[in-house]
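Only one structure is covered here, and it is reproduced in the block below.
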Ligand SMILES: Nc1ncnc2c1ncn2[C@@H]1O[C@H](COP(=O)(O)OP(=O)(O)OP(=O)(O)O)[C@@H](O)[C@H]1O
Ligand SMILES: [Mg+2]
């Protein structure tokens, strides 16, 4: 939760308001991941704690190897932490067995990988609709939303193409549509703009931001491109597996974005 959010919740409690405090979309406590490579132990993530409220968009930045992808993979329930806990909408992820976790992830989490992982024999539209059919939700309204989303991401005229017929950036945008289509509580994106030109990058991050803000999802985006932090509410800087700095004052976030080359 942001400082302002925390203050508002406290004020509300003090005023005796009936509204219960909102459950954070994402709570991470003392999260750690170590890898053993022969004799060596590598601490990819070393004791990270933070909270993201519904409707909050966070950028995760930091040098290569600082643990961003490892952290995101643990948040997505794709990688088991060595220590610490992840809760999504109040649910401790570690309490779910494999089967329950798969279903939970499919409904609650949208994820775009650093590499895009599209199914090569399905069209653009089919790759996106796949998320919905896994959840048993391929209604006409959902199909309309898929078309709208693909249009917003500049793929309206490529619906029937196979991934092999698309550029890297276009493929990445399909995987972004796939991460958003089922309106997950938590959206996690690892370098979503890496293979996009500037104009497309802005368009994609704006789409992320408006969905997160308007529909009160929680979003975390790993990015090397500081220009993209103008769309987020908070910037978390990682170094050597730890949170080095958190910038959550809007003026400071704007300064970071303006100072970018
Ligand atoms: N499966 C693995 N086995 C051993 N070490 C790993 C493994 N995956 C990641 N690491 C190590 O953990 C550290 C963090 O890696 P991670 O991929 O999380 O970094 P990153 O911040 O995403 O980097 P980049 O910006 O290059 O994508 C690195 O030192 C990496 O070599
Ligand atoms: Mg990475």
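Bear in mind these aren't lab numbers, they're just calculated from the coordinates by the rules spelled out. In this text, all values refer to a predicted model and were calculated from it rather than measured experimentally. Counting neighbours? That spans all protein chains shown, and the Cβs are built from the backbone with ideal geometry, glycine included.
Per-residue ellipticity at 222 nm computed for the chain from its helices equals -11000 deg cm²/dmol, with DSSP H segments shorter than 4 residues left out and the rest contributing -39,500 (n - 2.57).
Build a GNM of the chain with springs between Cα atoms under 10 Å apart, and of 184, 120, 140 the one that fluctuates most is 140.
Axis of helix 140-152 versus longest Cα principal axis of the chain: the two differ by about 80°, to the nearest ten degrees. For the chain, the percent of C-alpha pairs falling in each 5 Å distance bin, counted from 0 to the bin holding the largest distance, reads 1, 6, 12, 17, 18, 17, 13, 9, 4, 1, 0, 0.
Looking at the chain alone, DSSP beta bridges between its own residues are antiparallel in about 55 percent of cases. With each label modelled as a point 7 angstrom along the Cα→C-beta vector, the residue 35-residue 97 pair spans 3.1 nm. DSSP beta bridges fully contained in region 161-261 are about 50 percent antiparallel.
Hey, what did the chain get for relative contact order, percent, Cα under 8 Å, at least 6 apart? Kindly include the intermediate steps, with their values, before the conclusion.
Numbers: 476 pairs, mean separation 66.5, N = 261.
The normalised contact order for the chain reaches 25 percent.
May I ask you to compute the full-extension gain from residue 121 to residue 104, defined as 0.36 nm times their residue separation minus their alpha-carbon distance, rounded to one decimal in nm? Don't skip to the end; give the middle numbers.
Working: separation 17, 0.36 × 17 = 6.12 nm, distance 2.62 nm.
Gain on stretching residue 121 to residue 104: 3.5 nm.
When the Gaussian network model of the chain links Cα atoms closer than 10 Å, the mean-square fluctuations of 37, 125, 150 top out at 37. Cα-based values for region 29-71, radius of gyration first and Dmax second, are 12.8, 43 Å.
For 113, 208, what's the fewest-to-most ordering of other Cβ within 10 Å of each Cβ? Write down the numbers at each step before the final one.
Values: 113 19, 208 26.
Exposure proxy ranking, most exposed first: 113, 208.
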